[in-house]
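Here's the structure, in structure tokens; my notes come after.
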Amino acid sequence: MADSILFEDIFTLTDMDVGGKKFDKVSRIEARSEQFDMQLSLDVNTEVYPLAAGDKLTLALSPTLSLEGVTDEGVYDQSGRRSLMDRYEYVMYGKLYKYSDAGGSSSDAEIYVSFGGLLMRLAGDSTNLKDFHIDQRLYILIRKV
């Protein structure tokens, strides 16, 4: 099961809607992770999943929802089988469209993922982002701590 999760950490929300709220039902959250010191910027449908500054979230990124790590076709499985979704409260599916590695002596990197127009930027040490690549399909799984 753990092999299917490419990244997981606990994030503390530091800010919301910096520069003003652009959409009624969506907020852009800013957060910093505890273990890997990663910086997160993520659009969240706050009508469905309300959040506030100071909230702590567990965030995971995985290419599959299968507990066995079996790749899926990106189609929702309605069979009722247990999956990674059972352990989280908010799940989105998207595509990694940009990977930026500073290179040289710097070890910083960033990934950008679009979840149907809701965007995510995850930045930090490139060793934590080494398993990601352009055009990769990913699930983001979130639950409050």
If you take the residues in the stretch 1-35 that are of a type in the set (Phe, Trp, Tyr) and under 14 Å from the mean Cα position of the chain (by Cα), which one is nearest to Ser107 (Cα to Cα)? Phe7
The stretch 71-121, subset among the acidic types (Asp, Glu) and free of Cβ contacts under 8 Å to residues at least 24 places away in the same chain, residue nearest to Ile134 (Cα to Cα): Glu110
Screening Asp101, Asp135, Asp108 for residues that are surrounded by fewer than 19 Cβ atoms within 10 Å (Cβ to Cβ) and within 21 Å of Ser4 (Cα to Cα) leaves only Asp135
From Met38, Met85, Met92, which residue is surrounded by fewer than 16 Cβ atoms within 10 Å (Cβ to Cβ), within 16 Å of Ile140 (Cα to Cα) and not basic (Lys, Arg)? Met85
Inspect the stretch 131-140 for any residue being at pLDDT 95 or above and closer than 25 Å to Ala52 by Cβ and give the result as yes or no. yes
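Here is a yes/no grid of residues against (1) of a type outside the set (Lys, Arg); (2) free of Cβ contacts under 8 Å to residues at least 12 places away in the same chain; (3) in a strand (DSSP E or B):
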| residue | (1), (2), (3) |
| --- | --- |
| Ile10 | yes, no, yes |
| Asp15 | yes, no, yes |
| Arg28 | no, no, yes |
| Asp37 | yes, no, no |
| Val48 | yes, no, no |
| Ala53 | yes, no, no |
| Thr58 | yes, no, yes |
| Gly69 | yes, no, no |
Selection status of Ser62, open to solvent by 20 Å² or more (accessible area, probe 1.4 Å), small (Gly, Ala, Ser) and closer than 22 Å to Asn45 by Cα: no
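The values are calculated or read from the model by the stated rules, or taken from the named source; none is laboratory data. Keep in mind the model is a prediction, meaning the values are calculated, not measured. Here Cβ is always computed from backbone atoms with ideal geometry, including for glycine, and neighbour counts include all displayed protein chains. Just so you know, the surface numbers come from the protein's heavy atoms only, side chains and all, with ligands and any DNA or RNA stripped out. Shrake-Rupley method; radii C 1.70, N 1.55, O 1.52, S 1.80 Å.
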